[in-house]
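K.L.:
Mind having a look at this structure? Questions to follow.
No value in this document is a laboratory result; all are computed from the given coordinates. What you are looking at is a predicted structure, and each value in this text was computed from that prediction instead of being measured. Using ideal geometry, Cβ is built from the backbone for each residue, glycine included, and neighbour counts are taken over all protein chains shown.
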Amino acid sequence: MTRWLAEYAWLPDHAEPTPEVLIEVEDGRITAVAPLVGGGTPTAGVEVLRDATRLPGLTLPGLANAHSHAFHRALRGRTQGGRGDFWSWRDVMYDVAARLDPDSYLALARAAYAEMALAGITCVGEFHYLHHGPDGTPYADPNAMGAALIEAAAHAGIRLTLLDTCYLTATVDGAPLVGAQRRFGDGDALRWAERVSAIAPGNDHARVGAAIHSVRAVPAEQLATVAGWADRNGVPLHVHLSEQPAENDACRAVHGCTPTRLLADHGVLGPHTTAVHATHPTSADLALLGESRTGICLCPTTERDLADGIGPARRMAEAGSPLSLGSDSHAVIDLFEDARAVELDERLRTRRRGHFTPADLCAAATVAGHAALGWGDAGRLAVGDRADLVTVRLDSARTAGVPPVGAFHAATAADVRHVVVDGRTVVADGRHLTVDVPTELRDAIEAVTNR
Ligand SMILES: [Zn+2]
């Protein structure tokens, strides 16, 4: 039994944080949550408080990064200064993809996931399509690259949902994969399913989920194969959706409908599905997503970096889609920044303020993200949930004088002081306990770039 005394804690369904909350943890689970002020009583008297470890600042549930491509971390600062758009950025990304092997992927992902731990992220959804050798030949273990990611998350001390991604074609009209893309392909969706079925995470920290890269990459007649596999196995299904207007145009030209309509017609949408981005939906698309309770993962720091546009977040939520967050290309790994961007981008678009409450932003960063990744027992400071505690300083230059409810509008990843994942301390006083994050990032990135 470990006892923590949070100066403030953000409890489920509360509009703002609660002061002085005792949190008891046993075997990686929260066993008691007791506010000491305003009528709450600890499970025992003063004795209990004496052996509790105090957590100064604001303690949040674990943050969930629902959309990651770990290897994109190598691109940070290498593409931002130039011109171009998503497509020219993608060419640079493919250069890095072509250089990775299971060992260098492990080193890079381990460092990137450890950076996430420092940022308060306790669970990541890795949208993984870098499956095979550089010319498309499978490794001796056809899941060697996925295994590297699972191991990387274990080293970094965070949970992972390996969203193994079906990626078969280069364009909506079925052009074959070329160049670096050959690493992504399994030939067809049945062979994708056969390979993915062989993955055994072998550890409580990792789970397997499914992903459809996009309507560009999986032919319409094979969408149901992937969706059916996810459904039969009871795992989450993710899909990039309408990130680019060009994807919508190509889909209309080939299939006569929007990507969302195509996914709906092939059984891809539903409460266990998360659409990533959905930046350029029609009103009918929003209704399809919301009525099916399909989640939407917004990645505002990536969308701004790639000049993708602003997704209509308020309309998505009103239509019925739960919203989660992802750092995606890792131009920034800071879910506080992504969370407030959901509100701030709406302000830029509408020239009005107040679309999402601070509690809404907290839920997107925590419980909604965990649910999107298939961890229904995480993301809340509640009895029975996984014991993820993320404590944010309220005494830094950025957060001093800020009321706890304002944390999502003031704090950054650098203000995360203490991180507990499944009851285990991973970050203490702002330092990762097992990974030298800056050194490992530098070395891993130098190994796969032109320096
Ligand atoms: Zn992505």
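K.L.:
Fewest Cβ neighbours within 10 Å first, please rank 351, 216, 293 accordingly.
P.N.:
351, 293, 216
K.L.:
Taking H as built 1.01 Å from N, whose amide H comes closer than 5 Å to the amide H of residue 426, not counting residues under 5 places away?
P.N.:
Those qualifying (amide H under 5 Å, at least 5 residues apart or on another chain) are 419, 420, 421.
K.L.:
Expressed in nm², what is the orientationally averaged projection area of the convex hull enclosing the Cα positions of region 282-332?
P.N.:
Working: hull surface 13.3 nm².
Projected area, direction-averaged: 3.3 nm².
K.L.:
Give the long-range amide H neighbours of residue 125: residues separated by 5 or more places, or on another chain, with amide H under 5 Å away, using H modelled in the peptide plane at 1.01 Å from N.
P.N.:
65, 66, 67, 68, 161
K.L.:
With θ set to phi - 60°, apply the Karplus curve 6.51 cos²θ - 1.76 cosθ + 1.60 along region 383-390 and write out the HN-Hα couplings as whole Hz, x wherever there is a Gly or Pro.
P.N.:
Ordered by residue, 3J(HN,Hα) equals 4, x, 6, 4, 7, 9, 10, 10 Hz.
K.L.:
Given bins 5 angstrom wide, list per bin the percent of all Cα-Cα distances in region 149-241, short to long.
P.N.:
Going from the shortest bin to the longest, the percentages are 3, 14, 24, 22, 17, 12, 6, 2, 0.
K.L.:
Of the peptides 189-201, 337-349, how do they stack up when ordered by the mean number of other Cβ atoms within 10 Å, highest first? List each step's numbers first, then the result.
P.N.:
On the way: 189-201: 16.9, 337-349: 19.7.
Ranking, from highest mean packing down: 337-349, 189-201.
K.L.:
How large is the charge dipole for region 258-411, taken about the Cα centre, if only the Cβ atoms of Lys, Arg (+1) and Asp, Glu (-1) carry charge, to the nearest 20 debye? If you can, show how the numbers build up before the last one.
P.N.:
Details: 15 positive and 19 negative charges, 95 e Å.
That gives a dipole near 460 debye.
K.L.:
If you restrict to DSSP beta bridges whose two residues both lie in the chain, what percentage is antiparallel, to the nearest 5? Intermediate values should be presented prior to the final figure.
P.N.:
On the way: 27 of 64 bridges.
Roughly 40 percent of the beta bridges in the chain run antiparallel, per DSSP.
K.L.:
What's the extension gain from residue 191 to residue 36 if we count 0.36 nm per residue and subtract their Cα-Cα distance?
P.N.:
Value of the extension gain: 50.2 nm.
K.L.:
Continuing with this model, one more query. So what J values fall out for region 335-345 if you push phi through Karplus, 6.51 cos²θ - 1.76 cosθ + 1.60 with θ = phi - 60°, rounded to Hz, Gly and Pro as x?
P.N.:
Coupling constants for region 335-345: 6, 5, 5, 5, 4, 5, 5, 4, 6, 5, 5 Hz.
K.L.:
Can you tell me the relative contact order of region 42-171? Whole percent, Cα pairs under 8 Å, sequence separation 6 or more. Could the numbers behind the result be given before it?
P.N.:
On the way: 144 pairs, mean separation 38.0, N = 130.
In percent, rounded to a whole number, it is 29.
K.L.:
Still on this structure, I have one more. Over 17 Å apart: what share of the alpha carbon pairs of region 395-451 falls there, rounded to a whole percent? It would help to have the intermediate numbers written out before the result.
P.N.:
On the way: 899 of 1596 pairs.
Here the long-distance tail beyond 17 Å is 56 percent of all Cα pairs in region 395-451.
K.L.:
What does region 175-313 give for Rg and for Dmax, in Å, if only its C-alpha atoms count?
P.N.:
Considering region 175-313 through its Cα atoms, Rg and Dmax are 15.2, 45 Å.
K.L.:
Let me ask another. Dividing the convex hull volume of the alpha carbon atoms of the chain by its residue count, what do you get in Å³ per residue? Provide the component values of the computation, followed by the final result.
P.N.:
Values: hull volume 62.6 nm³, N = 451.
Here the figure is 139 Å³ per residue.
K.L.:
Quick one: angle between helix 102-118 and the longest Cα principal axis of the chain, in degrees between 0 and 90, rounded to 10, please.
P.N.:
For helix 102-118, the angle is close to 40 degrees.
K.L.:
Let me ask something else. What is the angle, in °, between the Cα long axis of helix 86-99 and the longest principal axis of the Cα atoms in the chain? Nearest 10 is fine, range 0 to 90.
P.N.:
So the helix axis and the longest Cα principal axis differ by about 90 degrees.
K.L.:
Enter the angle in degrees (range 0 to 90, nearest 10) between the Cα long axis of helix 144-156 and the first principal axis of the Cα atoms of the chain, meaning the one along which they spread out most.
P.N.:
10
K.L.:
Also, quick follow-up: Can you work out ³J(HN,Hα) from phi for every residue in region 219-231, in order, using Karplus 6.51 cos²θ - 1.76 cosθ + 1.60 and θ = phi - 60°, giving whole Hz and x for Gly and Pro?
P.N.:
Going residue by residue, I get x, 3, 6, 10, 4, 5, 5, 5, 4, x, 4, 4, 5 Hz, with x marking Gly and Pro.
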